1. In what sequence, largest accessible area first, do 173, 195 appear using a 1.4 Å probe?
2. Going from most exposed to least, what order do 278, 219 have by accessible area with a 1.4 Å probe?
3. At a 1.4 Å probe radius, carbon and sulfur cover how many percent of the accessible area of the stretch 70-195?
4. Using a 7 Å offset from the Cα along the Cα-to-Cβ direction at both residue 83 and residue 224, what is the distance between the two label points in nm, to one decimal?
5. Once you have the Cα-Cα distance between residue 295 and residue 281, take 0.36 nm times their residue separation minus that, and quote the gain in nm to one decimal.
6. Each residue of the stretch 213-227 in turn: what ³J(HN,Hα) in whole Hz from Karplus with 6.51, -1.76, 1.60 and θ = phi - 60°, glycine and Pro shown as x?
7. Keeping all protein chains in place, calculate the accessible area per residue for the stretch 70-195 (probe 1.4 angstrom), answer in Å².
8. Quick check for the stretch 70-195: number of Lys pairs with alpha-carbon distance under 23 Å, counting only pairs 8 or more apart or on different chains?
Amino acid sequence: THLDQECIYPMNYSSQLEDSGCDVSNDYAFDSLGIASDFHQSEHNVNTSQCWLERIPPLSLCCTSKEESLTAPVQFLQHLLEIRKLSEGGILQADFRELENDSFTVCNSMSQLLDGLTVFYNSPKFPVSNFLTEAVCVLIRLITDSKLSNHVLKKCFKKLEEFKKNLIQSILRNSSVNRFQALHAVSQTLVLLGRNNILRNSLISLLLSEVRQFAEQLLQAHQIQAMYDITHYENMFPLCMILEQLLQNETEESNISSSNYDGEEKNKFLKNLDQIILHLSDEFPLFSLYLWRVSVLLNSAQIQ
């Protein structure tokens with residue numbers, strides 16, 4: 001029903017892109033964003049996605065060449081994950097140890113999926129369609145599946161690191177007036193990636209580095225009364241919120257708290273942080289508050 005509404009009322013999406021992004025009057029448009037509730041609905045029928053792509057006119061906002069390029073890898077990985085699910089239940093006997101020697105097809109599909117998602121998230125055209133949300137769900141499931149990820153991540157880890165960096169830069173570089181819903185969608189994807197034990201620490205390091213460098217630049221600009229980029233300043237808040245979520249206990253399944261993070265970037269971030277907050281607190285109280293909250297989470301393990 002949701003997919004049918006996207007096809008029947010394409011003008012709702014067009015009108016949404018014209019406003020400031022602060023008010024969403026259409027429930028279907030809001031549900032199409034990459035919010036957390038959408039990411040958990042990953043058990044979609046593959047045929048539904050294919051039928052949806054075929055039914056939508058070429059010029060519709062719901063269907064683009066970017067989405068069509070993702071169809072094949074998404075469907076292949078969906079089938080692979082379903083086979084894994086069946087084999088785990090004892091219905092189908094499948095030996096996935098063969099992937100250790102020959103995982104080219106799986107790695108190639110994952111690489112295509114990451115490339116396609118990177119192209120999409122670097123594009124300013126939002127809101128996010130359900131098919132692209134489903135593609136991210138497939139990526140998360142593949143990374144989370146231990147038997148598959150053990151073989152795939154060896155060859156695709158560097159690609160995943162580049163993908164995370166590209167997502168962060170897509171947030172920082174976005175200067176569109178209607179960018180806030182787009183930033184929210186990318187933020188949710190980064191949070192989901194960060195819930196994976198393998199990817200969490202490296203993502204926290206990337207975020208800490210970006211926030212620290214900006215805080216130092218902002219302090220320098222403030223001290224010499226120089227101009228600063230207000231758009232860059234606004235775009236830092238999604239990164240701070242992502243960082244705060246990842247440093248909290250987000251992995252409910254394993255009850256592992258990310259506050260135990262103890263990377264090199266942690267020491268760099270905490271060094272001279274009190275002085276930075278002291279000098280910025282009057283002019284930039286909200287940003288200073290976020291810096292302080294992140295520092296509390298980083299120090300929580302030592303306090304305990």
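The values are calculated or read from the model by the stated rules, or taken from the named source; none is laboratory data. Model, not experiment: these values are computed from the prediction. Glycine gets a Cβ as well: all are built from the backbone with ideal geometry, and neighbour counts include every protein chain shown. Side chains included, ligands, DNA and RNA excluded: accessible areas come from the protein's heavy atoms. Shrake-Rupley method; radii C 1.70, N 1.55, O 1.52, S 1.80 Å.
1. Numbers: 173 145, 195 75 Å².
Descending order: 173, 195.
2. Working: 278 110, 219 25 Å².
The ranking, largest first, comes out as 278, 219.
3. Working: 2980 of 5540 Å².
C and S fraction of accessible area: 54 percent.
4. 6.0
5. Working: separation 14, 0.36 × 14 = 5.04 nm, distance 1.47 nm.
Fully extending the segment from residue 295 to residue 281 adds 3.6 nm.
6. Result, rounded to whole Hz: 4, 5, 4, 5, 5, 5, 5, 4, 5, 5, 5, 9, 6, 8, 6.
7. On the way: 5540 Å² over 126 residues.
Averaged over the residues of the stretch 70-195, the accessible area is 44 Å².
8. Value for the stretch 70-195: 13.
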